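The block underneath contains the structure these notes are about, expressed in structure tokens.
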Amino acid sequence: MTDTHVTKRPLTLLGTGDMGTALARTWLAAGHPLTVWNRTAAKAAALAPEGAAVAAGPAEAVAAHTLVVLCLLDDASIGAALEGIDLTGKDIVNLTTGTPAEGRTRAAWAEERGARFVDAGIMATPDMIGAPGSGAYVFYSGSRALFDTHRAALEVPAVARFVGEDPGHAALHDVALLSAMYGMFAGVSHAYALIEGEGIAPGDLAPLLSEWLGAMGFFVGNAAERLSSRDFTGGVVSNLAMQVASSGTLLRTAAGQGVSPELIKPYLDLMRERLEADPAAHAGEDTVGALTLLRRQGLPAKAGLPG
Ligand code: NDP
């Protein structure tokens, strides 16, 4: 006879907004004993029929289990919810979106109170949570020991990716990906604005845009290789001088279509700045060399981008 009984780790969740509720449902469905608390009590009470224990306050919720997951609006709401509450011996997993600095400060704050801490960045929307094949995952960083202890429970709502013991690194990965996403949104928005009023249906441009962005996806790996090797000229097939010259076409077309260039101009300006700084040295480069200008004087320098 085999013993198929597996104990599911109990946990507490503070914050049952849209994301917290989606997370809670996956733990309940997977059989994890779950205690929930939410500032607006009705949102936590809505999970009781699905098996959640509803705590009367955050202190009661935190006291219930060792593993305490936070999914609140922002870092300030963590301070508001946990002020004065005993965290000794707790394992705190912070799924609340924040900056790297907030993650580091919150980790020190938790450790001073006798808790272990990991910060996290959720790369998903609530409808992707617990949905197999949705691509949802969560970045974690901070206490490796905590992560290893609770990994099985953390993997229930979404794939877990540990990105190091610096508690700021989960947020940094999260924000890096979101920043790239908004750059892509900006370019796509500009493209649709250009065709508006020209009798070209957005739906006709859409597959062409998707295909083109996919084809240009090579830039991600290419930029990483060049930033690591600091070789901005080897194997270049679209040199900076040519790209700066043709950027004028983009700007004149925008002007001709009555479209503000504000979403694409900063990147074009950066390429021009790189070229004009030393045309002889930079004309034959890839555009990746322009990224070296992003770390401005006065901003803290850190390894990762060459100077
Ligand atoms: P909601 O606005 O739905 O929920 C916010 C939660 O924070 C609620 O539980 C709210 O309580 C609580 N809250 C706000 N202020 C305070 C406070 N001062 N004290 C105590 N509790 C407070 O947001 P989501 O659930 O969507 O987001 C939660 C976290 O998940 C955020 O950090 C968000 O950035 C992150 N996230 C969300 C994604 C999404 O697509 N929704 C995607 C990736 C990350 P109350 O109900 O009382 O207002």
Between a residue in segment 48-77 that is within 13 Å of Thr16 (Cα to Cα) and any residue that is within 13 Å of the ligand (Cβ to nearest atom) and aromatic (Phe, Trp, Tyr), which pairs come within a Cβ distance under 6 Å, given they are 6 or more apart or on different chains? Ala55/Trp37; Pro58/Trp37; Ala61/Trp37
Of (1) buried (at least 20 other Cβ atoms within 10 Å of the Cβ); (2) within 22 Å of Glu165 (Cβ to Cβ); (3) among the aliphatic types (A, V, I, L, M), Ala108 satisfies all except one. Which? (1)
Quick test of your reading of the structure: Gly103 fulfils all but one of (1) under 24 Å from Asp174 (Cβ atoms); (2) within 11 Å of the ligand (Cβ to nearest atom). Name the failing condition by number. (2)
Out of all the residues in segment 17-42, which are of a type in the set (Gly, Ala, Ser), within 15 Å of the ligand (Cβ to nearest atom), more than 16 Å from His150 (Cα to Cα) and touching a residue at least 24 places away in the same chain (Cβ under 8 Å)? Gly17, Gly20, Ala22
If Ala63 meets every condition in (1) away from the ligand (no atom under 16 Å from the Cβ); (2) in a loop (DSSP other than H, G, I, E, B) apart from one, which number is that one? (2)
Does segment 78-98 contain any residue that is charged (D, E, K, R), assigned to a loop (DSSP other than H, G, I, E, B) and more than 26 Å from the chain's Cα centre (by Cα)? yes
Return the total of residues in segment 114-133 being at pLDDT 95 or above, farther than 19 Å from Gly168 by Cβ and away from the ligand (no atom under 15 Å from the Cβ). 1
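What are the residues in segment 25-81 that are under 17 Å from Arg106 (Cα atoms) and of a type in the set (S, T, N, Q), if any? Lay out the reasoning, then the answer.
Applying the first criterion (under 17 Å from Arg106 (Cα atoms)) to segment 25-81 yields 62, 67-81.
The answer is Ser77, and nothing else.
Looking at Pro266, Pro279, which one is in the same structural domain as Met181 (by TED's automatic domain parsing), farther than 21 Å from Ala176 by Cα and not small (Gly, Ala, Ser)?
Details: Pro266 fails: farther than 21 Å from Ala176 by Cα.
Being in the same structural domain as Met181 (by TED's automatic domain parsing), farther than 21 Å from Ala176 by Cα and not small (Gly, Ala, Ser) holds for just one of Pro266, Pro279, which is Pro279.
The values are calculated or read from the model by the stated rules, or taken from the named source; none is laboratory data. All figures in this text were calculated on a predicted structure; none of them were measured in a lab. Using ideal geometry, Cβ is built from the backbone for each residue, glycine included, and neighbour counts are taken over all protein chains shown.
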